[in-house]
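I have placed the structure first, in the form of C-alpha coordinates, so that the comments after it can refer back to it.
The values are calculated or read from the model by the stated rules, or taken from the named source; none is laboratory data. This is a predicted model, so every value here is computed, not measured. Positions of Cβ are backbone-derived with ideal geometry, glycine not excepted, and every protein chain shown enters the neighbour counts. Just the protein is used for accessible areas: all its heavy atoms, side chains included, with ligands, DNA and RNA removed. Shrake-Rupley method; radii C 1.70, N 1.55, O 1.52, S 1.80 Å.
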Amino acid sequence: HVLVCAKSPLTVIPLMFNWTPSLPYHVVLVEPGLGPFARGDLIVYAFAGGAAANDYPGLMRQAFFKRIAGIAGDSVTVEGRDVFVNGVHVGRAKTHTFDRRPLEPIAPIVIPPGFLYVHGTGVDSFDSRYRSSGLVAVHDVATRVRPLF
(Lines give C-alpha, C1' and ligand atoms only; values in the text may rest on other atoms or scores of the structure.)
Protein backbone atom coordinates (compact mmCIF):
# COMPACT_ATOMS: atom_id res chain seq x y z
CA HIS A 1 0.00 0.00 0.00
CA VAL A 2 1.59 3.29 -1.11
CA LEU A 3 0.48 6.77 -0.06
CA VAL A 4 1.12 9.87 -2.14
CA CYS A 5 0.92 13.27 -0.47
CA ALA A 6 -0.57 15.99 -2.66
CA LYS A 7 1.51 18.68 -0.90
CA SER A 8 4.86 16.93 -1.26
CA PRO A 9 6.55 15.03 -4.10
CA LEU A 10 7.60 12.24 -1.73
CA THR A 11 5.90 8.87 -1.96
CA VAL A 12 5.61 7.17 1.42
CA ILE A 13 4.54 3.73 2.57
CA PRO A 14 2.69 3.10 5.84
CA LEU A 15 5.83 1.66 7.42
CA MET A 16 9.13 3.51 7.14
CA PHE A 17 12.67 2.66 8.20
CA ASN A 18 15.33 4.99 9.55
CA TRP A 19 18.91 3.78 9.15
CA THR A 20 20.62 6.94 10.39
CA PRO A 21 21.43 7.93 13.99
CA SER A 22 19.49 11.21 13.61
CA LEU A 23 16.76 9.81 15.88
CA PRO A 24 16.74 6.70 18.10
CA TYR A 25 13.93 5.01 16.14
CA HIS A 26 14.44 2.50 13.35
CA VAL A 27 10.87 1.61 12.35
CA VAL A 28 8.01 4.09 12.28
CA LEU A 29 4.36 3.96 11.34
CA VAL A 30 3.00 6.61 8.99
CA GLU A 31 0.08 8.47 10.54
CA PRO A 32 -2.79 9.42 8.23
CA GLY A 33 -3.47 13.12 7.67
CA LEU A 34 -1.18 15.98 8.62
CA GLY A 35 -3.32 18.35 10.66
CA PRO A 36 -1.63 21.11 12.66
CA PHE A 37 1.93 20.41 13.80
CA ALA A 38 3.12 20.54 17.40
CA ARG A 39 6.49 20.54 19.13
CA GLY A 40 7.57 16.93 19.60
CA ASP A 41 5.90 15.57 16.47
CA LEU A 42 8.06 13.26 14.37
CA ILE A 43 7.91 14.09 10.67
CA VAL A 44 9.35 13.05 7.33
CA TYR A 45 9.96 15.89 4.89
CA ALA A 46 11.55 16.54 1.51
CA PHE A 47 14.87 18.30 2.15
CA ALA A 48 15.12 21.68 0.41
CA GLY A 49 17.82 23.41 2.48
CA GLY A 50 20.64 25.52 1.08
CA ALA A 51 23.10 22.62 1.23
CA ALA A 52 21.14 20.85 -1.51
CA ALA A 53 21.21 23.89 -3.76
CA ASN A 54 24.90 24.63 -3.17
CA ASP A 55 27.21 21.90 -1.85
CA TYR A 56 25.24 18.64 -1.89
CA PRO A 57 22.76 18.58 -4.79
CA GLY A 58 22.06 14.88 -4.13
CA LEU A 59 20.22 15.89 -0.95
CA MET A 60 17.54 17.86 -2.82
CA ARG A 61 14.09 16.43 -2.07
CA GLN A 62 15.53 13.46 -0.14
CA ALA A 63 13.42 12.20 2.75
CA PHE A 64 14.63 13.49 6.14
CA PHE A 65 13.28 12.20 9.45
CA LYS A 66 13.31 14.65 12.40
CA ARG A 67 11.42 15.87 15.47
CA ILE A 68 9.73 19.28 15.50
CA ALA A 69 11.37 21.53 18.10
CA GLY A 70 9.86 24.84 17.03
CA ILE A 71 6.72 26.11 15.33
CA ALA A 72 5.61 29.47 13.92
CA GLY A 73 6.04 32.23 16.49
CA ASP A 74 8.77 30.45 18.46
CA SER A 75 12.05 32.28 19.02
CA VAL A 76 15.35 30.76 17.88
CA THR A 77 18.43 32.19 19.60
CA VAL A 78 22.11 31.34 19.29
CA GLU A 79 24.89 31.70 21.87
CA GLY A 80 28.20 30.83 20.26
CA ARG A 81 27.38 27.49 18.63
CA ASP A 82 24.58 26.55 21.05
CA VAL A 83 21.07 26.86 19.61
CA PHE A 84 17.90 27.43 21.66
CA VAL A 85 14.19 27.43 20.82
CA ASN A 86 12.15 29.47 23.30
CA GLY A 87 15.13 29.29 25.68
CA VAL A 88 15.40 25.47 25.53
CA HIS A 89 18.75 24.11 24.31
CA VAL A 90 18.17 22.08 21.14
CA GLY A 91 21.72 21.43 20.03
CA ARG A 92 25.25 22.59 19.48
CA ALA A 93 26.27 23.33 15.90
CA LYS A 94 29.40 21.55 14.75
CA THR A 95 32.11 23.57 13.02
CA HIS A 96 32.51 21.32 9.95
CA THR A 97 30.73 18.65 7.94
CA PHE A 98 32.06 15.10 7.65
CA ASP A 99 34.03 16.21 4.55
CA ARG A 100 35.46 19.27 6.34
CA ARG A 101 33.23 21.96 4.82
CA PRO A 102 32.52 24.76 7.32
CA LEU A 103 29.14 24.86 9.05
CA GLU A 104 27.45 27.94 10.47
CA PRO A 105 24.69 27.91 13.08
CA ILE A 106 21.26 29.15 12.09
CA ALA A 107 20.78 32.90 12.49
CA PRO A 108 18.52 34.04 15.34
CA ILE A 109 14.94 34.26 14.11
CA VAL A 110 11.30 34.17 15.10
CA ILE A 111 9.94 31.21 13.13
CA PRO A 112 7.60 32.62 10.48
CA PRO A 113 4.20 31.14 9.60
CA GLY A 114 4.50 28.10 7.35
CA PHE A 115 7.85 26.96 8.77
CA LEU A 116 9.17 24.54 11.41
CA TYR A 117 12.42 24.15 13.33
CA VAL A 118 13.39 20.46 13.26
CA HIS A 119 16.12 18.55 15.04
CA GLY A 120 17.56 15.11 15.45
CA THR A 121 18.86 13.67 18.68
CA GLY A 122 22.17 12.54 17.19
CA VAL A 123 25.18 14.81 17.55
CA ASP A 124 25.80 14.50 13.79
CA SER A 125 22.21 15.16 12.75
CA PHE A 126 21.96 17.66 9.90
CA ASP A 127 19.01 19.73 11.06
CA SER A 128 17.71 23.27 11.55
CA ARG A 129 20.58 24.26 13.83
CA TYR A 130 22.60 24.82 10.62
CA ARG A 131 22.10 27.67 8.14
CA SER A 132 22.70 25.25 5.25
CA SER A 133 19.78 23.12 6.42
CA GLY A 134 17.53 25.82 7.86
CA LEU A 135 13.88 25.87 8.74
CA VAL A 136 11.54 23.40 7.04
CA ALA A 137 8.59 24.65 5.00
CA VAL A 138 5.36 23.02 6.11
CA HIS A 139 4.52 22.31 2.46
CA ASP A 140 7.63 20.06 2.28
CA VAL A 141 6.35 17.77 5.06
CA ALA A 142 5.22 14.44 3.61
CA THR A 143 3.91 12.80 6.76
CA ARG A 144 3.87 12.58 10.53
CA VAL A 145 5.14 9.29 11.96
CA ARG A 146 4.87 7.32 15.19
CA PRO A 147 7.85 5.27 16.38
CA LEU A 148 7.41 1.52 16.73
CA PHE A 149 11.00 0.72 17.77
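Observations on the model:
- The residues packed around L23, meaning those with a beta-carbon under 9 Å from its beta-carbon, carry a net charge of +2 if Lys and Arg are +1 and Asp and Glu are -1.
- Pairwise FRET efficiency - M60 versus T97, Cβ, R0 = 22 Å, nearest 0.05: 0.85
- Fully extending the segment from N86 to A53 would add 9.0 nm, taking 0.36 nm per residue of separation and subtracting the current Cα-Cα distance.
- Helix-derived mean residue ellipticity, 222 nm - over the chain, DSSP H n ≥ 4, -39500 (n - 2.57), to 500: -500 deg cm²/dmol
- Net charge of the neighbourhood of H119, taken over other residues with C-beta under 10 Å away and scored Lys/Arg +1, Asp/Glu -1, is +2.
- Direction-averaged projected area, Cα convex hull, segment 40-94: 4.6 nm², rounded to one decimal.
- Carbon plus sulfur fraction of accessible area for the chain, probe 1.4 Å, in percent: 63
- Whole-angstrom Cα spans of segment 62-149 along principal axes, big to small: 31, 29, 22
- By the Stokes-Einstein formula, at 0.890 mPa s and 25 °C, the chain with its Kirkwood radius over alpha-carbon pairs has D equal to 158 µm²/s.
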